[in-house]
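A.B. asks: My structure is below; once you've seen it, I'll send some questions.
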Amino acid sequence: MTLPRLHPDDLKELSDNVSLNITQKLEELISKKQLMSNLQTLTVEDVAKLLNKDKTTILRYIKKGLIEATKKGKDWIITQQSLIKYTDGK
C-alpha cells in the first residue's frame, strides 16, 4: 500500500492538529489529577489527629452520619471533601 504524498502545508496543518489534540488531552489529564487530589482519602486515624479527637469518637461520628465515610474491608475511608463538609457544618 502506497501512502499519498502530502503538500508541506497539509503536513503543517496535520502536525498542528495533532499538537492541539495532544495539548487538550494533557490539559484533561492535569484537570483530572487536580480533581483526584481534591478527593484524597483519609483514615480514621488521620481524621482523629486532624480534629484532635480519639479514634472511637471519629467512628461514633461516622456511625451517627456526622462524617461521611465508606467502609473498605475493615477500614473506613474518609474523603477530604467530606471532612471539610463536617467542619464547615460545625
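The values are calculated or read from the model by the stated rules, or taken from the named source; none is laboratory data. Remember, it's a predicted structure, so these values are computed and weren't measured experimentally. For neighbour counting, all protein chains shown are included, and Cβ atoms are generated from backbone atoms with ideal geometry for every residue, glycine included.
A.B. asks: Between a first residue in region 76-89 that is closer than 13 Å to Leu66 by Cβ and a second residue that is surrounded by fewer than 18 Cβ atoms within 10 Å (Cβ to Cβ) and not hydroxyl-bearing (Ser, Thr, Tyr), which pairs have beta carbons less than 6 Å apart while being 6 or more apart in sequence or on different chains?
C.D. replies: Between residues of region 76-89 that are closer than 13 Å to Leu66 by Cβ and residues that are surrounded by fewer than 18 Cβ atoms within 10 Å (Cβ to Cβ) and not hydroxyl-bearing (Ser, Thr, Tyr), the close pairs are Ser82/Glu68.
A.B. asks: Turning to a different aspect of this structure: Need a quick list: helices (runs of 4 or more DSSP H) entirely within region 28-90 having at least 1 residues that are of a type outside the set (Val, Ile, Thr), exposed (fewer than 13 other Cβ atoms within 10 Å of the Cβ) and at pLDDT 95 or above.
C.D. replies: In region 28-90, the matching helices (runs of 4 or more DSSP H) lie at 55-64.
A.B. asks: Here is a follow-up. Which pairs have Cβ atoms under 8 Å, sit 6 or more apart or on different chains, and link a residue in region 36-47 that is closer than 14 Å to Glu68 by Cα to one that is among the acidic types (Asp, Glu) and modelled with pLDDT of 90 or more?
C.D. replies: Thr43/Asp75; Val44/Asp75
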